[in-house]
Amino acid sequence: QVQLVESGGGLVQAGGSLRLSCAASGRTFSDYVMGWFRQAPGKEREFVTSISRFGSRTYYVDSVKGRFTISRDNAKNTVYVQMNSLKPEDTAVYYCAAKRGDNKLGPPYDYWGQGTQVTVSS
């Protein structure tokens, strides 16, 4: 089992940037495909981006393509998402997630962090 702890959320103006981090512990980090989801108030949780076990493949939902970049450092057991050109509609709680068993990038995911709030003001 893996434990996930997100950090890096906060309040930023539209057009600004944030970098979220997710530190993992418990098992071999490179065993896991890693992803980020978000949930805005009153909306369902949305799959945003993911990265394969060794970083060779990534996925982005259309709404963040060209603005968000996911990366991972297996030596540091950490996955990141760099978020640029933020928009008010990016406001949400962002969750880090992990899964093992295959190297596919899509859901479902098995393990979740507690979430970090990102608020983008207009």
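Some observations on this one:
- In the chain, excluding the sites themselves, the longest stretch lacking any of the trypsin sites (Lys or Arg not before Pro) that are in a DSSP loop with at most 11 other Cβ atoms within 10 Å is 66-122.
- Given R0 = 25 Å, the distance between the Cβ atoms of A14 and K43 translates into a calculated FRET efficiency of 0.85.
- Rounded to 5, percent antiparallel among DSSP beta bridges of the chain: 90
- The chymotrypsin sites (Phe, Trp or Tyr not before Pro) of region 1-68 that meet both conditions, a loop assignment by DSSP and at most 15 other Cβ atoms within 10 Å of the site Cβ, are F54.
- Here the accessible area is traced with a 1.4 Å probe on the protein chains. For region 17-102, carbon and sulfur cover 44 percent of it.
- Going by accessible surface with a 1.4 Å probe and the largest first, D102, D90 read D102, D90.
- Taking θ as phi - 60° and the Karplus parameters 6.51, -1.76 and 1.60, the scalar couplings of region 16-22 work out to x, 9, 9, 10, 8, 10, 9 Hz in sequence order, x denoting glycine and proline.
- Counting charges near V79 (Lys, Arg +1; Asp, Glu -1) among other residues having Cβ under 10 Å from its Cβ returns a value of 0.
- GNM top mover of G55, G101, G66 - the chain, alpha-carbon springs below 10 Å: G101
- Cβ-derived FRET efficiency at R0 35 Å, Q1 paired with T119, nearest 0.05: 0.70
- Accessible surface for the chain, divided over its residues, is 50 Å² per residue with a 1.4 Å probe.
- Reachable lysines, given that their alpha-carbon falls under 20 Å from the alpha-carbon of K65 and they are not under 8 places away in the same chain: K87, K104
- Long-range HN-HN contacts of F68 with modeled amide H, under 5 Å: N84
- Modelled spin labels at K65 and D31, positioned 7 Å past Cα toward Cβ, are 3.4 nm from each other.
- For region 1-58, the list of GluC sites (Glu not before Pro) that fall in a loop by DSSP and count at most 10 other C-beta atoms within 10 angstrom reads E44.
The values are calculated or read from the model by the stated rules, or taken from the named source; none is laboratory data. None of the values given here were measured: they were computed from a predicted structure. With ideal geometry, Cβ positions are generated from the backbone for all residues, glycine too; neighbour counts draw on all protein chains shown. Surface areas here come from the heavy atoms of the whole protein model, side chains and all, with no ligands, DNA or RNA. Shrake-Rupley method; radii C 1.70, N 1.55, O 1.52, S 1.80 Å.
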